[in-house]
Amino acid sequence: MTPVIHTTGLARTFTTKRGTVEAVRGIDLTVPAGEILGFLGPNGAGKTTTLRMLTTLLAPTGGSATVAGHDLLHDSAGVRRRIGYVAQSGGVDPAVSVREELTTQARLYRLDKADARARAAELAADLDLLDLLDRPCAALSGGQRRRLDIAMGLVHHPDVLFLDEPTTGLDPGSRVDLWHLIRRIRDEWGTTVFLTTHYLDEADALADRLVVVDHGRVVAQGTAHALKTEYAGSPNASLQDAFIAITGRRTPAPSETPIAV
Amino acid sequence: MSTSSTPSTPTIGTARVVPPARPVPSASAALVSDTFLIFGRYLRQTVSAKIGLIFGIIQPLLFLILFGPLLRDVPLGGDGDSWQTLVPGLLVQLGLFSAAFAGFGILIEKQHGVVERMRVTPVSRLALLLGRVLKDIVQMLVQSVVLVVVGVAFGLRAPLLGVLIGFGFVALMTASLASLSYALAMRVDSPQEFAPVVNSVNLPVMLLSGILLPMSLAPGWLDGISRGNPLRYQVQAVRSAFVGDYGGTVGMGVLTALGLVAVSVVLGVRVFRRAGA
């Protein structure tokens, strides 16, 4: 089966006043359809830059990639039609109603008016947002907001959903609810999920496979079980120990500051 | 509810449900529908927020009411009376102080991630700019009508055609100033960076365009500098139109206005298109 994401030497350098910074030196990555992939790395490893490239927000300066069947470098419009992206900050206007944001989002993906309304109602029913449709986004709780953000990324039935630190700032109960939701999205729709997280317990519990990046390259990949066995010496070790062995650092930092262009 | 292109929700455990491929619309059809989608979104926001409608018009209204009467018997060196000189200037000032701050909205949206969320969708990059600019034009025209109506109450008399031409200039000027404002807002990170730039450009541009008093009163050196300011020609053109003279001055205004629109929109689109902006 063709992988949903395939990159070869995907790289990004930034030119700053002090010279050239290699944020991503060359990422080789293959993500099969229907996988939940956890993308980990310490602060400054190139996680965010890679995510921004894969979601067409940042043009790569080297390498090649296919995302959802489209060439990332030459057909970013094609990639955009087939991917969903949920940023850490979400992306809804607090003053706008849930219904309007969902409908507008569907229209941005070129659904006609009737289809967009139907899709908004369908997603709201599915993601437990039905009672909130006519509330402004600002009135939603943290967990509700995250469900809305994810619904926004699903309006067009994407092949792959990119989630940037989806549970940051949520209370433990909402985090677990969100894990269930993410699994359900994959199980019900077969959507591939590419998520970054700085919670190693989350990566352990949620992801089918983990990719660890450091210094702009992939430094380890495999199931949590395999990484623990290989790097921490036992499948019963903590993922934290494996992560320290791989990167020499304690935990993935909460958020990576993207380098300004 | 269910149409051929909206698959119903599958049950748990089904294999991946692939919706039928949606035909990709032609670029121009997509541009038009995307532009109206963006236009509608921001028009609804402006109408429901109300504050934006009041914000830009207060300053020109204050000038009209508190400064206009001072000019009644002052020789201004132009055709027509003082109101026919002042109100066209205030229409341009409205553009400078309202359209030039249009980018403020995008700064707030950037903080909420709205701009990035839209940039990941297939929406036309040009439409992201044009839809917003179109909304600014509508907003500015509403404000212009208010300004002219208040002007008439204070004693302005001008031919209808001339006033309509004046509104046309307001629309063109809004298209250019708002595009530049959005381009700037996309490049800076905070209102603290944005506002000083706009203010430091706006004031000299306003003074050098003869908005309050015509540049015919200026000494040679000042008049010379102001000829490098495209808005000067638009102020002159609107004044000319307000006294019923639709000749060369209006033509020169149209040329400079269109030139400024072309440069500004091209610049704006480039910024919106740039990945990572």
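Every number here is computed from the coordinates shown, using simple stated rules; none is lab data. All figures in this text were calculated on a predicted structure; none of them were measured in a lab. All Cβ positions, even for glycine, are placed from backbone atoms using ideal geometry, and neighbour counts span all protein chains on display.
A few remarks follow.
- Averaged over A:117-126, number of beta-carbon atoms from partner chains that fall within 10 Å: 2
- Rounded to 10°, Cα long-axis angle of helix B:82-98 versus longest principal axis of chain B: 30 degrees
- Per-residue mean of C-beta atoms belonging to partner chains within 10 Å, peptide B:117-129: 6
- Calculated over chain B, the projected area of the Cα convex hull averaged across directions stands at 18.6 nm².
- Stokes-Einstein diffusion of region B:197-239 at 25 °C, 0.890 mPa s viscosity, Kirkwood radius from Cα pairs, rounded to a whole number: 236 µm²/s.
- Scattering profile of region A:111-153 at q = 0.14, 0.18, 0.23 Å⁻¹ [log10 I(q)/I(0), Debye over alpha-carbon scatterers]: -0.30, -0.48, -0.76
- Prolate/oblate/rounded label for region A:90-131 (Cα gyration tensor, a/c 1.5): oblate
- For region A:28-94, the equivalent ellipsoid derived from the alpha-carbon gyration tensor has semi-axes of 18, 17, 14 Å in decreasing order.
- Acute angle (nearest 10 degrees) that the helix B:191-207 long axis makes with the longest principal axis of chain B, alpha-carbon atoms: 30 degrees
- At 0.692 mPa s and 37 °C, Stokes diffusion of region A:36-172 via Kirkwood alpha-carbon radius, µm² per second: 207 µm²/s
- Translational diffusion coefficient (Stokes-Einstein; Kirkwood radius from C-alpha pairs) of chain A at 20 °C, 1.002 mPa s, in µm²/s: 113 µm²/s
- For the protein assembly as shown, adding -39500 (n - 2.57) for each run of n ≥ 4 DSSP H residues and dividing by the number of residues yields -17000 deg cm²/dmol at 222 nm.
- The value obtained for region B:89-188, namely the Cα convex hull volume divided by the number of residues, is 93 Å³ per residue.
- Long-range lysine pairs (8 or more apart or interchain), the protein assembly as shown, Cα under 30 Å: 10
- Per-selection metrics, the protein assembly as shown (Cα): Rg and Dmax in Å: 27.5, 94
- Derived scalar couplings ³J(HN,Hα) [region A:93-104; Karplus, 6.51 cos²θ - 1.76 cosθ + 1.60; whole Hz; x for Gly, Pro]: 7, x, 7, 8, 6, 4, 4, 5, 4, 5, 5, 4
- Long-range HN-HN contacts of A:GLY62 with modeled amide H, under 5 Å: A:ALA11
- Helix A:113-126 axis versus longest C-alpha principal axis of chain A: approximately 70°, rounded to the nearest ten.
- Residues B:LYS110, A:LYS113, B:LYS135, arranged from fewest to most other Cβ atoms within 10 angstrom of their Cβ, appear as A:LYS113, B:LYS110, B:LYS135.
- Euclidean distance between Cα centres, region B:124-194 to region A:71-149, Å: 31 Å
- Burial order of peptide ranges A:162-168, A:195-201, A:140-146 (average beta-carbon count within 10 Å, highest first): A:162-168, A:195-201, A:140-146
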